[in-house]
1. Is the shape of region 43-83 rounded, prolate or oblate, going by the alpha carbon gyration tensor and its root eigenvalues a ≥ b ≥ c, with a/c under 1.5 for rounded and a/b larger than b/c for prolate?
2. So what's the angle, to the nearest 10 degrees on a 0 to 90 scale, between helix 110-122 and the longest Cα principal axis of the chain?
3. Once fully extended, how much extra length lies between Q113 and K20, figured as 0.36 nm per residue of separation less the alpha-carbon to alpha-carbon distance?
4. Give, in nm to one decimal, the length gained when the segment between E124 and K75 is fully stretched (0.36 nm per residue of separation minus the Cα-Cα distance).
5. Can you report the principal axis dimensions of region 19-168 using only the alpha carbons, biggest first, rounded to whole angstrom?
6. In region 21-170, if the dipole is taken from +1 on Lys/Arg beta carbons and -1 on Asp/Glu beta carbons about the Cα centre, which of T27, S162, Q133 is farthest to the positive end?
7. Grab the beta carbon distance between E67 and Y176, set R0 = 45 Å, and tell me the FRET efficiency rounded to 0.05.
8. Nothing charged except the Cβ atoms of Lys and Arg (+1) and of Asp and Glu (-1): what's the magnitude of the dipole of the chain about its Cα centre? Round to the nearest 20 debye.
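The values are calculated or read from the model by the stated rules, or taken from the named source; none is laboratory data. Since we're looking at a predicted model, the values are computed, not measured. Cβ sites come from the backbone with ideal geometry, for glycine too, and all protein chains shown count toward neighbours. The accessibility values were calculated without ligands, DNA or RNA, using every heavy atom of the protein model including side chains. Shrake-Rupley method; radii C 1.70, N 1.55, O 1.52, S 1.80 Å.
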Amino acid sequence: MFIQTEETPNPSTLKFLPGKILLEKGTLEFKSPEEATKNSLASMLFVDDNVKGVFIGKDFLTVTKSESVEWEILKPTLLSSILDYFSSGGEIENFESGTKSKVEEIKYTKKDQEIVNKINELLEERIKPAVAQDGGDINFVKLQKGIVFLELRGACSGCPSSTITLKSGIENMLKYYIPEIKSVEAINQ
């Protein structure tokens, strides 16, 4: 097995590509060793105190490091751990653990629900695939008075370029297709 790595726009996060499907659907995010207790791969990676986050997507995982260590020092250890895990038959447990998406259960008017449906459709079809290329994910949280609130996950969370992506890319696209939208805000930048 050969594991590729890719840099992400977030200098604290590195993307690992093990060359196999990790999750059939959804994503998993772990921001602490406590959150990772039911996921053996994430738990194993958090053994290193320099690991500050693990995000698992369909065919990749990203690791966020502390500022006190450089990738040149941490990367070989992580690569070895990930390779050992998958080489020994390890699979990703998709338990409902880790950081939950902050999607709020809101009852919308019929008109607002149509807007929410359009937002989710654009996110799934156009935005999430592009964001996944950079090792992250983005979820709809709520629509309130024409403002769309989104949650940034994985490499996107804390990324220096996420504000530009959010405002210049996502906000412009959503406003183009859905004129009722006034702005887009991240709830966890």
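1. Here region 43-83 falls in the prolate category.
2. Orientation of helix 110-122: about 40 degrees from the principal axis.
3. Details: separation 93, 0.36 × 93 = 33.48 nm, distance 3.64 nm.
Here the answer is 29.8 nm.
4. Numbers: separation 49, 0.36 × 49 = 17.64 nm, distance 3.11 nm.
Stretched out fully, the E124 to K75 stretch lengthens by 14.5 nm.
5. Between the extreme Cα coordinates on each principal axis of region 19-168 lie 51, 30, 28 Å.
6. The Cα lying farthest towards the positive end belongs to S162.
7. Once the sixth-power term is evaluated, E becomes 0.75.
8. Numbers: 23 positive and 29 negative charges, 148 e Å.
Charge dipole of the chain: 720 debye, to the nearest 20.
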